[in-house]
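Every number here is computed from the coordinates shown, using simple stated rules; none is lab data. Remember, it's a predicted structure, so these values are computed and weren't measured experimentally. Because the Cβ atoms are built from the backbone with ideal geometry, glycine has one as well, and the counts that use them run over all protein chains shown.
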Amino acid sequence: MRTIAISGKGGTGKSTLCALIIRWIKDNKTQSILAVDADSNVNLNDLLGLSVDDTIGGIREEMRKSVDQIPGGMTKQAFLEYKIHTSLVETPDFDLIAMGRPEGPGCYCYANNLLRDILKTLSDNYQYVIIDNEAGMEHLSRRTTQNIDFLLIVSDPSARGVRAAGRINRLLEELKTRVGGRHLLLNKVRDPVPEALQQIISEEGLSLLATIPEDEQLRKVDQTGEPVWNIPEESPIYLEIDRFMKKLL
């Protein structure tokens, strides 16, 4: 089993890249895939053309309000795990589970812990686990993301974006989270990466895996809300996904 996690600050296109990576694995590997939307602002399902009825955060909140409705003979924890397993969205090509946005004070850490624990049991059933993490470093500081083979840190081609990616990289080192490899993806690139930005990438200790071009086909798909399956295989962004995924795997 291989786990790939995607991280980065908001607005860099990490969820779109995550969806395209899931599509690439589906197109190129005959193996099972678990897609994990670990972002409280659920939208990976839209990019994959799916609807999500239940999220981990929503289930937790439902149980908090209806604890008296647990079936006889089941513990609260066992019923919670059952409900989370039934929230899995299954398709012929991959399955999806979503974190969602918990409500109420003090429950976000608990929902993160639920996600982490449920992944321990679910992941053994899949050859690939692809995790779309929340923007920023919150999920990392809570150690929701751990025991992964590759962390792809997404940034726009700006000094501020790369510095933010560098902070994520350093936090992982401080937390001693087990990550097999950490790589930078520069997204929405229009021109060759200038020498000054290359220098900042080097200063931040980042390994640049790919520069992903701005893509007119992707822009049109985003405007209409279509899923990533509608992006042509010959589009610049998908060709670059193909190139770096073959290099990564």
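Given Cα pairs under 8 Å that are at least 6 residues apart, what percent is the relative contact order of the chain?
Relative CO of the chain lands at 27 percent.
Counting DSSP beta bridges in the chain, what percent are antiparallel, to the nearest 5?
The antiparallel proportion sits near 5 percent.
Could you give the C-alpha radius of gyration of the stretch 2-248 expressed as a fraction of 2.2 N^0.38 Å, taking N as the number of residues it contains?
Normalised Rg, Cα atoms only: 1.03.
Straight-line reach from LYS246: which aspartates and glutamates have a Cα under 13 Å away, not including same-chain ones fewer than 8 places off?
Within reach: ASP27.
As a check on your grasp of the helix formula, calculate [θ] at 222 nm for the chain: sum -39500 (n - 2.57) over DSSP H runs of n ≥ 4, divide by the residue count, round to the nearest 500.
Mean residue ellipticity at 222 nm (helix-derived): -13000 deg cm²/dmol.
Given +1 on the Cβ of Lys and Arg, -1 on the Cβ of Asp and Glu, and no further charges, what dipole in debye does the stretch 2-248 carry about its Cα centre, rounded to the nearest 20?
800
If we sort 150-159, 163-172, 224-233 on the protection proxy, mean other Cβ atoms within 10 Å, highest first, what's the order?
In decreasing order of mean packing, 150-159, 163-172, 224-233 become 150-159, 163-172, 224-233.
Near LYS120, which lysines are there with a Cα under 25 Å away, not counting those fewer than 8 places off in the same chain?
Of all the lysines, those that pass the test against LYS120 - Cα under 25 Å, at least 8 places apart if same chain - are LYS14, LYS26, LYS29, LYS76, LYS83, LYS176.
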